[in-house]
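See below for the structure under consideration.
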Amino acid sequence: MSVETLYALAACALVGIGLYGMIVQPHPLRKLIAFNIMGTGVFVLFGALAKRGAAAGLAADPVPQALLITAIVVAFAATAVTVALLLRLVESTDTASLADEPPAGR
Amino acid sequence: MDLWVSTNGGGLLAAAVLLPFVAMLLGLCLGGRWLQRVAFATMALGLALALGIAASWANATGPLVYLLGGWSPPLGIALRADGPAVAMLVAVAGVVCGIGLFARADFGSPPDAKESRTAFAYWLLLLAVWGALNLVFVSGDLFTLYVALELLTFAGVPLVCLAGSGETLRAALRYMLFALCGSVLYLLGAVLLYGGYGTLDIPLLAASVQPEPIARAALALMTVGLLAKTALFPLHIWLPPAHGGAPAAASAVLSALVIKGSWFLVLRLWFDAMPGVATAAAAQLLAGLGAAAIVVGSVVALRQQRLKLLVAYSTVAQIGYLFLLFPMAFDAEGRMALADLAQTAGLLQAIAHATAKAGMFMAAGLVYAALGHDRIDDLAGAARALPLAVAAFLIGGLALMGVLPSGAYLAKKLLLSAADESGQWGWTLVLQGGAAFTAAYVVLIALRVLRRPATPVACKPVSMLSQLAALGLALASLALSLAAAIGPLPAELITNPLAPKELGTTLVTFAVGALLAAALARRPLFDRAPSGAPARGGPGVWFERGDRQVREWPTAMLALLLVAAASGWLLVRA
């Protein structure tokens with residue numbers, strides 16, 4: 001198995017773990033972490049593709065790296081915005097539940 | 001025609017994207033009353049710029065192109081404006097101006113008052129939404145489109161929680177997390193396409209993409225990611241609380257403009273980037289979800305207690321209409337032969353919805369401001385107290401129903417002719433029946449607001465400018481087909497609204513709508529009980545329960561995966 005295939009399989013696993021977390025984790029912070037795991041999976045896949053698509057004589061295709069760094073910045077910004085929202089939510093309601101009417105005692 | 005060389009007027013595209021963002025940064029530094037001045041100056045300039053782009057596009061033979069830094073794709077990035085992009089640029093500029101005029105009363109900074117944080121955030125976010133949308137329309141590259149889409153979400157989410165209450169923060173957080181899920185799926189699709197074809201430039205991709213597994217997987221993933229951001233049923237988990245809870249001026253932006261960005265991108269993928277991969281079977285799935293959205297959204301709208309939530313659910317239903325165009329692009333043999341016709345109809349529908357829905361949300365906001373509540377059962381006497389706002393609401397409703405000469409009428413007519421040409425009779429029924437579902441909630445509200453109140457209505461004064469802005473946008477939607485008739489559309493599509501055939505259709509639509517409202521509304525049509533009276537049972541309750549179930553987080557996520565798998569399978573099978 002080539003290194004690229006190994007990376008691509010790892011990417012699949014990460015996306016799968018992230019998706020699973022997105023579905024089953026009720027806490028918004030855990031959902032956010034699941035999103036980040038899923039996103040990391042996509043980034044790893046992109047890296048593996050860059051290696052595979054390299055032109056002769058180059059170690060890797062440079063375009064995906066340029067796109068990747070942008071995507072990472074976007075994901076970072078998204079995480080920051082979400083954490084800010086979550087903090088405001090906890091400040092104003094004392095719960096971090098996404099349910100419409102949080103059950104009593106939480 | 002060369003798609004990889006800057007054309008005359010191409011620089012205008014870069015200016016249209018830059019202007020709102022530059023104005024936003026400038027406003028951020030200046031703040032206060034200056035921010036508002038900057039915003040209004042930007043609106044005037046931006047509208048002129050959009051019209052300028054339309055004029056250069058009309059004089060050019062092909063799309064306008066601008067290569068950033070002179071680098072041509074695949075290494076560089078191109079901005080392109082074709083017909084759909086130009087139409088959306090102009091429409092969005094018009095709607096932003098209307099919303100800006102409306103918002104002046106709510107978020108203006110009078111000379112003697114201290115600047116409020118909400119107003120400060122609102123104007124900045126309005127400009128950011130505008131810039132992001134312009135970038136969505138003119139990007140010629142799927143990765144730039146990803147960035148534009150994220151910008152749009154980042155600008156849209158804070159608009160949801162401008163009021164800052166726990167309920168709106170929760171709605172914003174739900175929106176953000178679900179939209180993020182959608183954007184990861186989109187990015188995954190884009191990555192797969194780059195891996196397969198080595199470019200993300202739309203025309204280059206269209207030339208090299210083949211109907212093979214990697215392209216199909218990418219199209220399915222990207223489409224579903226965008227559906228999550230557009231909130232097509234059953235992925236509308238975030239829409240009703242977000243659009244129903246935001247201030248009216250923000251709901252208008254969210255409902256009229258923000259969801260159109262991701263919808264437009266689905267159009268780009270299906271018709272421009274990967275026309276060879278899309279299949280009629282997958283298009284049927286999109287339209288099927290659209291039809292379900294129309295039925296569920298309209299019926300649940302009838303069950304709402306608050307006017308703003310009714311309008312929010314009406315948006316859920318109207319998003320369904322925007323997806324009916326996809327099967328109409330395919331002829332009877334399953335080839336994509338009618339793409340132009342279907343796309344024109346879709347754009348008309350989108351612009352008609354943007355104008356009408358902005359007007360309706362503003363009208364609902366005015367009703368709330370004047371009466372201090374927007375409980376549908378207590379709206380008796382509103383028509384007399386607020387004639388202009390109520391007129392705006394009802395005219396917006398009529399325009400959405402597709403009464404002549406509205407833009408929705410023309411869109412329906414075009415889709416019907418496409419359905420006729422391709423022999424898809426089933427969709428004819430949905431197109432005609434959908435109008436009756438819209439009529440149902442318009443009739444319900446008309447009856448509630450026209451009723452005579454038991455006691456005189458106490459009514460706070462509201463800004464005249466805001467009322468006129470709402471009315472203007474609703475009227476624009478109602479008169480849209482007249483504007484479209486000047487353009488490239490065949491004139492015979494417009495007929496006399498009082499001709500027996502047209503009048504008959506309109507009356508039947510109203511009658512069926514009234515029947516639906518009588519059968520499914522929360523309270524009987526001519527009921528005089530004030531709010532708080534128990535809701536009626538019947539089939540309407542099932543829809544309500546179903547909607548609540550679908551909007552549970554795990555259900556929505558599973559629906560997301562299911563839709564992705566189904567569309568992938570339908571792309572392979574055909």
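A short reminder: the numbers here are calculations on the coordinates, not readings from a lab. For clarity, every value in this text was computed on a predicted model and none was experimentally measured. With ideal geometry, Cβ positions are generated from the backbone for all residues, glycine too; neighbour counts draw on all protein chains shown.
Residue by residue through the range B:1-13, note down the ones that are crowded, with 16+ Cβ neighbours inside 10 Å and under 30 Å from the mean Cα position of the chain (by Cα). Full working, then the answer.
If we filter the range B:1-13 for residues that are crowded, with 16+ Cβ neighbours inside 10 Å, which is where we start, we get B:3-4, B:6-7, B:9-10, B:12-13.
Listed by number, the residues that qualify are B:3, B:9, B:10, B:12, B:13.
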Practice task
Test residue B:127 against the criterion of being out of contact with any strand residue (DSSP E or B) (no Cβ under 7 Å at 6 or more places or on another chain), surrounded by 24 or more Cβ atoms within 10 Å (Cβ to Cβ) and under 25 Å from residue B:236 (Cβ atoms), and give yes or no.
Solution key: no
Exercise for the section: Might you check whether a residue that is within 7 Å of another protein chain (Cβ to nearest Cβ), more than 21 Å from the chain's Cα centre (by Cα) and surrounded by 20 or more Cβ atoms within 10 Å (Cβ to Cβ) occurs anywhere in the range B:195-215? Expected result: yes
Problem - Filter result for residue B:454 (of a type outside the set (Val, Ile, Thr), out of contact with any strand residue (DSSP E or B) (no Cβ under 8 Å at 6 or more places or on another chain) and under 23 Å from residue B:523 (Cβ atoms)) - result: yes
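If you go through the range B:128-157 one residue at a time, how many are under 20 Å from residue B:92 (Cα atoms) and within 10 Å of chain A (Cβ to nearest Cβ)? Walk me through how you get there before you give the answer.
Taking the range B:128-157 as the starting set, the residues that turn out to be under 20 Å from residue B:92 (Cα atoms) are B:128-140, B:144-157.
Filter again for within 10 Å of chain A (Cβ to nearest Cβ), leaving B:144, B:146-147, B:149-151, B:153-154, B:157.
Matching residues across the range B:128-157 total 9.
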Practice task
Run down B:426, B:433 and say which single residue is in a helix (DSSP H, G or I), within 27 Å of the chain's Cα centre (by Cα) and loosely packed, with under 15 Cβ neighbours inside 10 Å.
Solution key: B:426
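Every residue in the range B:216-238 that is hydrophobic (A, V, I, L, M, F, W, C) and within 14 Å of chain A (Cβ to nearest Cβ), please. It would help to see each step written out before you state the result.
Taking the range B:216-238 first, the residues hydrophobic (A, V, I, L, M, F, W, C) are B:217-222, B:224, B:226-228, B:231-233, B:235, B:237-238.
Listed by number, the residues that qualify are B:217, B:218, B:221, B:222, B:224, B:228, B:235, B:237, B:238.
With B:65, B:96 as the choices, which residue is over 30 Å from residue B:198 (Cβ atoms) and among the hydrophobic types (A, V, I, L, M, F, W, C)?
Working: B:65 fails: over 30 Å from residue B:198 (Cβ atoms).
Result: B:96 is the single residue among B:65, B:96 that is over 30 Å from residue B:198 (Cβ atoms) and among the hydrophobic types (A, V, I, L, M, F, W, C).
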Fill in the blank from the handout: Within the range A:11-30, the count of residues that are touching a residue at least 24 places away in the same chain (Cβ under 8 Å), within 10 Å of chain B (Cβ to nearest Cβ) and part of a helix (DSSP H, G or I) comes to 3
Handout entry: Residue list for the range B:167-176, filter: surrounded by fewer than 24 Cβ atoms within 10 Å (Cβ to Cβ) and either at the interface with chain A (Cβ under 7 Å from one of its Cβ atoms) or outside any helix (DSSP H, G or I) (or both)
Key = B:169
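Please go through the range B:384-421 and give me each residue that is in contact (Cβ under 8 Å) with a residue 12 or more places away in the chain and charged (D, E, K, R), ordered by number.
From the range B:384-421, those in contact (Cβ under 8 Å) with a residue 12 or more places away in the chain are B:384-386, B:388-419, B:421; that's our starting set.
B:384, B:412, B:413, B:421 - these are the residues of the range B:384-421 that are in contact (Cβ under 8 Å) with a residue 12 or more places away in the chain and charged (D, E, K, R).
In this structure, is residue B:188 part of a helix (DSSP H, G or I), within 12 Å of another protein chain (Cβ to nearest Cβ) and surrounded by fewer than 24 Cβ atoms within 10 Å (Cβ to Cβ)?
Details: part of a helix (DSSP H, G or I): yes; within 12 Å of another protein chain (Cβ to nearest Cβ): yes; surrounded by fewer than 24 Cβ atoms within 10 Å (Cβ to Cβ): yes.
Yes.
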Completion exercise
Going through the range A:41-69 in order, the residues found to be facing another protein chain (nearest Cβ under 10 Å) and farther than 20 Å from residue B:196 by Cβ are none
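Check whether at least one residue in the range B:27-45 is under 20 Å from residue B:143 (Cα atoms) and in a helix (DSSP H, G or I), and report yes or no. Step through it out loud before you land on a result.
In the first step, residues of the range B:27-45 are kept if they are under 20 Å from residue B:143 (Cα atoms); the result is none.
Taking every residue of the range B:27-45 in turn, none turns out to be under 20 Å from residue B:143 (Cα atoms) and in a helix (DSSP H, G or I).
When you look at residue B:94, is it of a type in the set (Gly, Ala, Ser) and either farther than 25 Å from residue B:257 by Cα or more than 25 Å from the chain's Cα centre (by Cα) (or both), yes or no?
Numbers: of a type in the set (Gly, Ala, Ser): yes; either farther than 25 Å from residue B:257 by Cα or more than 25 Å from the chain's Cα centre (by Cα) (or both): no.
The answer is no for residue B:94.
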